[in-house]
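The values are calculated or read from the model by the stated rules, or taken from the named source; none is laboratory data. Here the structure is a predicted model, which is why all the values come from computation and not from measurement. So basically every Cβ, Gly included, is an ideal-geometry build from the backbone, and we count neighbours across all protein chains shown.
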Amino acid sequence: MVTSRSSATARSRTVVPRRRGPVLERAILDAALEQLSTVGWNGLTMEGVAAEAQTGKAAVYRRWPSKEDLVADALASGLPSLDDAPDLGGIRDDLYALTQLVREAMYSRPGWALRAVLHECDQSSSERFQALIMNGVIQPSADLFGEVVRRGIRRGDVRPDVTGSMIFDVIPAVLMYRSKVCTSEWPDAEIAELIDQVMLPMLRSSSD
């Protein structure tokens, strides 16, 4: 019995190794994302994040003076990067592959968290996070769609007069609308339908 009691006492005294600098900051940011995914914006507290990260709340407040600051950094640091447009040899395949990448960003844990924040937070906070999703997801994806279309013009499989920036916004706009209003999770079949029935008719000449 003495041995068993001693072992239990030793286990109860196990301490998480102390973390500092970037390691601790990453743990806090990950904890904020986890809290957003489980309790949402309204339920997230600095104390809850500290507990999730297994640190003191003072360590959180030293780095982020407000919940908005913490959540903005957590989302920005977690959003997948959209750096390169796929080059698969044809406009349809390029658009299809790029749309899949954008969908993955939107449905990543940070993407889900960001959209949840936009639904829950007040107007002043919402504007800040709308800017975050615009700069982190929408604008980069529109830039890549523009690159794909211009490449298609050079190849000859997109008509040369397709140069307006609104064309580049169509897929991101439809993705956001269907996600937010229709709660669609965008299966591959719906992506193919968007490419074949909306984008290609706009991009190719009537003779094609």
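A few remarks follow.
- Exactly one residue out of Val162, Val102 is in contact (Cβ under 8 Å) with a residue 24 or more places away in the chain and crowded, with 17+ Cβ neighbours inside 10 Å: that is Val102.
- Residue in the range 84-96 that is free of Cβ contacts under 8 Å to residues at least 40 places away in the same chain, in a loop (DSSP other than H, G, I, E, B) and small (Gly, Ala, Ser) present: yes
- Considering the range 143-207, the qualifying helices (runs of 4 or more DSSP H), each wholly inside and each with 3 or more residues that are modelled with pLDDT of 90 or more and within 23 Å of Arg109 (Cα to Cα), run over 188-194.
For (1) more than 23 Å from Gly111 (Cβ to Cβ); (2) free of Cβ contacts under 8 Å to residues at least 40 places away in the same chain; (3) surrounded by 13 or more Cβ atoms within 10 Å (Cβ to Cβ), each residue gets a yes or a no:
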| residue | (1), (2), (3) |
| --- | --- |
| Val23 | yes, yes, no |
| Ala27 | no, yes, yes |
| Leu36 | no, no, yes |
| Asn42 | no, no, no |
| Val49 | no, yes, yes |
| Glu52 | no, yes, yes |
| Arg63 | yes, yes, yes |
| Val71 | no, no, yes |
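- Residue in the range 142-149 that is more than 23 Å from Ser179 (Cα to Cα), of a type in the set (Val, Ile, Thr) and in contact with a Phe, Trp or Tyr (Cβ under 7 Å, 6 or more places away or on another chain) present: yes
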